[in-house]
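Presented below is the structure to which this report refers.
What follows draws every value from the coordinates through simple rules; no lab data is involved. Note that the structure is predicted; figures quoted are calculated from it, not measured. Because the Cβ atoms are built from the backbone with ideal geometry, glycine has one as well, and the counts that use them run over all protein chains shown.
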Amino acid sequence: MDLLLKNIGLLATPVGSAARKGAGQRDILLIQDAMVGVKDGEIAYAGPTDESLKSADVFDCGGRLVTPGLVDAHTHLVFGGWRQKELALKLDGVPYLDILKAGGGILSTVEHTRAASEAELVAKGKALLSEMLSLGVTTCEAKSGYGLNTQCELKQLRIIRSLDKAQPVDIVPTFMGAHAFPKEYAGNRNGYVEHLLTEMLPAVVGEGLAEFCDVFCETAVFTLDESRRILLEAAKLGLSPKVHADEIDPIGGAEMAADVNAVSAEHLIQTSDGGIRALADKDVVAVLLPATSFYLDKPFARARDMVDAGVAVAVATDFNPGSSPSLNMQLAMNLACMKYKLTPAETLTAVTLNGAAAIRRAGSCGSLEVGKQADLVVWDAEDLEYIFYRYGSNLVHTVVKKGDKICLS
Ligand code: IZC
Ligand code: ZN
């Protein structure tokens, strides 16, 4: 072994290489007095303490809780500027979509992202990723969508690729040119959709810059038909569909996501019973974003109903400068427990294995099993409940990423 973590008070992990749903979501493996052994960056042993295991590098976990590294399956990581000036509007009750309609919101971040240099965006991204890692995130997804023209969408995606190589957190890239209509195409929706389909998508695919294609399917943003058209074309070119669905208005985004065989549907705050059934029938992972509900002061998605209906539920941050300026997965976990009424075990699965499944990484991360990447968190906690109970503090003691110990406190 290259590394042996000993004296683990409690090892808590979901099991398997696919999303867990229904009762399976809370069916996690709990081992008291455990060890994890690492070889070549992968888990070579995860089980009860075995004194015969040896390594030159032994790390004493001091009786602490160990879980898989957290997977943040929905972020808008790379952007110029921030949007703190919108806070006053929000407090005055101006709706999110009205701010966008007036040229603010996403469009103000587009201006700042277009104006920023690659070096600036890379430096900012590195700092954000280092904060994410210190909070226990070992893998995340990152969307483009603040360029809204070919050149700047490619710039964002290339930055995501550089960031993936430059630091420990693995980043899975998603193309989201369909995030808003840029001001050059005001009053010409069809023109932008055509531009996206004929220029942006082939350029992104040509450079191999994305694995997924996401669409903001919402009132006054992309209609169901526009979204379907974009996602089906993306799928033809090899990008798997994801959908921002039913975040603000219940327009049937979940049903459309199921229809196009999306890997995941995200937000789902307003999703109907029919939408929940469609997600369950088609094995679409529901990526729920409780920090967004909190920050927009909106209802919380019906996570309990979704789990009970057999939908695999993941929980992520939605980190972005407008509707979710927090990258703290621990906060999302606490909100999932308190507001969604998911149990600690269900939430753990939501932020590890099911998050990994939402970005097609369930075969390589999201659980502590032999052969998976050695991505794990040693928590300043003696049991799983504790990390949901002591909300507001960073309870990470040590992160291990592909076998390397990082952020030792
Ligand atoms: O910048 O406001 N909802 N996209 C869809 C966002 C929020 C990000 C933003
Ligand atoms: Zn989002």
Whole-angstrom Cα spans of segment 102-155 along principal axes, big to small: 36, 25, 15
Degrees, to the nearest 10: 106-115 long Cα axis against longest axis of the chain: 80 degrees
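Is segment 1-101 rounded, prolate or oblate when judged by the Cα gyration tensor, a ≥ b ≥ c being the square roots of its eigenvalues, rounded requiring a/c under 1.5 and prolate requiring a/b larger than b/c? Intermediate results must be reported in sequence, preceding the final value.
Values: a/c = 3.19, a/b = 2.41, b/c = 1.33.
Here segment 1-101 falls in the prolate category.
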Cα shape, segment 1-57, gyration tensor, a/c 1.5 rule: oblate
Sequence-distant residues sharing a close amide H with Asp33 (under 5 Å, placed H): Leu10, Leu11
In order through segment 203-214: 3J(HN,Hα) via Karplus (6.51 cos²θ - 1.76 cosθ + 1.60), integer Hz, x for Gly, Pro: 5, 5, 5, x, 8, x, 9, 9, 9, 10, 10, 10
Nearest 10 degrees, 0 to 90: helix 150-166 Cα axis against the chain principal axis: 10 degrees
Interchain or long-range residues, amide H under 5 Å from Lys39's placed H: Asp2, Ala44
Cα extents of the chain along the three principal axes, largest first (Å): 70, 45, 43
About the Cα centre, charge dipole magnitude for segment 155-198 (Lys/Arg +1, Asp/Glu -1 at Cβ), debye: 120 debye
On Cα atoms only, tilt of 224-236 relative to the major axis of the chain in degrees: 60 degrees
CD proxy at 222 nm, helix term only [per DSSP H run n ≥ 4: -39500 (n - 2.57); per residue of the chain; nearest 500]: -9500 deg cm²/dmol
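So which GluC sites (Glu not before Pro) in segment 20-100 end up in coil per DSSP with only 12 or fewer other C-beta atoms within 10 Å?
Numbers: sites: Glu42, Glu51, Glu86; in loops: Glu51.
The qualifying sites are Glu51.
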Karplus-derived HN-Hα couplings along segment 317-330 (A = 6.51, B = -1.76, C = 1.60, θ = phi - 60°), whole Hz, x at Gly and Pro: 8, 6, 3, 7, x, x, 9, 7, x, 10, 9, 8, 5, 5
Tally of Lys pairs whose C-alpha atoms are under 17 Å apart, taken over segment 83-237, 8 or more apart or cross-chain: 12
Tensor-based shape of segment 65-175 (alpha-carbon gyration tensor, a/c under 1.5 rounded, otherwise prolate or oblate): oblate
Dipole moment magnitude, nearest 20 debye, segment 86-162 about Cα centre, only Lys, Arg, Asp, Glu C-beta charged: 260 debye
Charge dipole magnitude, Cβ of K and R +1, D and E -1 - the chain, Cα centre, debye nearest 20: 340 debye
